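Presented below is the structure to which this report refers.
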Amino acid sequence: MKIGIVGLGLIGGSLAKCIKRYTDNQVLGIDINEESMTMAHMSGAIDGELTAENMSDCRLIMIAIPPVALVKWVEDNAKNMKGTLLIDMCGVKRSICDKLHAVAAENGFSYLGGHPMAGREVSGFANATVDLFKGASMILTPDERTDILMLDLAKHLFMAIGFDSITFTTPDEHDRIIAYTSQLAHITSSAYIKSPTAQKHMGFSAGSYRDLTRVAKLDEKLWTELFLENSDYLTGELRQLVDNLNEYLTALEAKDADKLVRLLRDGRELKLTAGGD
């Protein structure tokens, strides 16, 4: 089948490379960056350009661009996607899903919200890889409007290109949890690196410093959009983190060893309960 990909950055470019490597599908792609288009053509990640004329030939179109541009692109091209399944790869879901479900219903195509739980601290097609999604979870947000056959098509494709599991959720639950697991981590990393001591870390840092500062190398314009689209849940998580940090600060200022031991023990035990790497 023909698959269209809108946005050939890290996520879209990796999707294109994976589809070409692990399936026999044809990939049509489009990106506003001419260099990305050239690299995608030269590397064999796409078979041709996705255009208004050939969109309806695609059984599936995946879009991996920032939220505001994503909604506008879909609205501008909705009339060309009749009969197609559109899946967005956006890191927020409530605002995107509400708008795109309405556009899909008006224009005769299917829509499914998605979010690949994979990424790197770098961006662009040059950093796209065929193993980006290996072992990762693909989040999907089906509801009563979802075509079961289209959902099955999407599930099989994502498993074929390396995802380890499919996680089903609602747009609201997605945004609530992602505020903590992803967005708060990026804010924390960005704030942590701003200490003047960071300029003197050479020879004094190891894994913990690398882990905590890695995602400070973010795309500030993209993440600003994501943060603002999810500001209600994110501000709640940020307030909770500030409150937690203040407990440690209070214990240190008071030289309260018992309280500090308790705080550290609670954190260790919660990590064991929560699991993860």
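The values are calculated or read from the model by the stated rules, or taken from the named source; none is laboratory data. As the structure is a prediction and not an experimental result, all values here were calculated from the model. We place every Cβ from the backbone using ideal geometry, glycine too, and count neighbours over all the protein chains shown. Calculation scope for accessible area: heavy atoms of the full protein, side chains included, ligands and nucleic acids excluded. Shrake-Rupley method; radii C 1.70, N 1.55, O 1.52, S 1.80 Å.
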- [ ] Restricting attention to segment 73-88, report how many residues are buried (at least 17 other Cβ atoms within 10 Å of the Cβ) and either under 9 Å from Phe109 (Cβ atoms) or over 24 Å from the mean Cα position of the chain (by Cα) (or both).
- [x] 6
TODO: State yes or no: is Asn230 at pLDDT 95 or above, open to solvent by less than 90 Å² (accessible area, probe 1.4 Å), of a type in the set (S, T, N, Q) and over 30 Å from Leu70 (Cβ atoms)?
DONE: no
Task: Selection status of Glu106, open to solvent by 10 Å² or more (accessible area, probe 1.4 Å), under 30 Å from Ser231 (Cα atoms), of a type outside the set (Gly, Ala, Ser) and out of contact with any strand residue (DSSP E or B) (no Cβ under 8 Å at 6 or more places or on another chain) - done: yes
Task: All positions within segment 109-160 that are hydroxyl-bearing (Ser, Thr, Tyr), open to solvent by less than 30 Å² (accessible area, probe 1.4 Å) and within 27 Å of Gly44 (Cα to Cα) - done: Ser137
TODO: Kindly indicate whether any position in segment 91-113 is of a type in the set (A, V, I, L, M), in contact with a Phe, Trp or Tyr (Cβ under 7 Å, 6 or more places away or on another chain) and either part of a loop (DSSP other than H, G, I, E, B) or modelled with pLDDT under 95 (or both).
DONE: no
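Looking only at segment 161-211, count how many residues are among the aliphatic types (A, V, I, L, M) and within 19 Å of the chain's Cα centre (by Cα). Step through it out loud before you land on a result.
The initial filter retains those residues of segment 161-211 that are among the aliphatic types (A, V, I, L, M), namely 161, 166, 177-179, 184-185, 187, 191, 193, 198, 202, 206.
If we keep only those that are within 19 Å of the chain's Cα centre (by Cα) too, we end up with 161, 166, 177-179, 184-185, 187.
Going through segment 161-211 one residue at a time, the tally reaches 8.
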Task: Test: residue in segment 161-173 that is open to solvent by less than 50 Å² (accessible area, probe 1.4 Å), more than 21 Å from Arg120 (Cβ to Cβ), part of a helix (DSSP H, G or I) and in contact (Cβ under 8 Å) with a residue 40 or more places away in the chain - done: yes
TODO: Within segment 117-160, work out how many residues are assigned to a helix (DSSP H, G or I), under 23 Å from Ala216 (Cα atoms) and not hydrophobic (A, V, I, L, M, F, W, C).
DONE: 1
Task: Exclusive hit being within 30 Å of Arg145 (Cβ to Cβ) and of a type in the set (Ser, Thr, Tyr), set Ser231, Ser205 - done: Ser231
TODO: Answer yes or no: is there a residue in segment 127-134 that is touching a helix residue (DSSP H, G or I) at 6+ places or on another chain (Cβ under 6 Å) and closer than 20 Å to Ala78 by Cβ.
DONE: no
TODO: Would you point out the residue of segment 23-36, among those that are in contact with a Leu (Cβ under 7 Å, 6 or more places away or on another chain) and of a type in the set (A, V, I, L, M, F, W, C), that is least open to solvent (accessible area, probe 1.4 Å)?
DONE: Leu28
- [ ] Could you list, in sequence order, all residues of segment 170-188 that are in contact with a His (Cβ under 9 Å, 6 or more places away or on another chain) and among the β-branched types (Val, Ile, Thr)?
- [x] Ile178
- [ ] With respect to Ile177, determine if the residue is in contact with a helix residue (DSSP H, G or I) (Cβ under 9 Å, 6 or more places away or on another chain), modelled with pLDDT of 95 or more and not in a helix (DSSP H, G or I).
- [x] no
- [ ] State all residues of segment 164-185 that are touching a Ser or Thr at 6+ places or on another chain (Cβ under 9 Å), hydroxyl-bearing (Ser, Thr, Tyr) and under 26 Å from Asp131 (Cα atoms); if no residue qualifies, say none.
- [x] Ser165, Thr167, Thr169
- [ ] Give, as residue ranges, the helices (runs of 4 or more DSSP H) completely inside segment 1-83 that count at least 3 residues that are among the β-branched types (Val, Ile, Thr).
- [x] 67-77
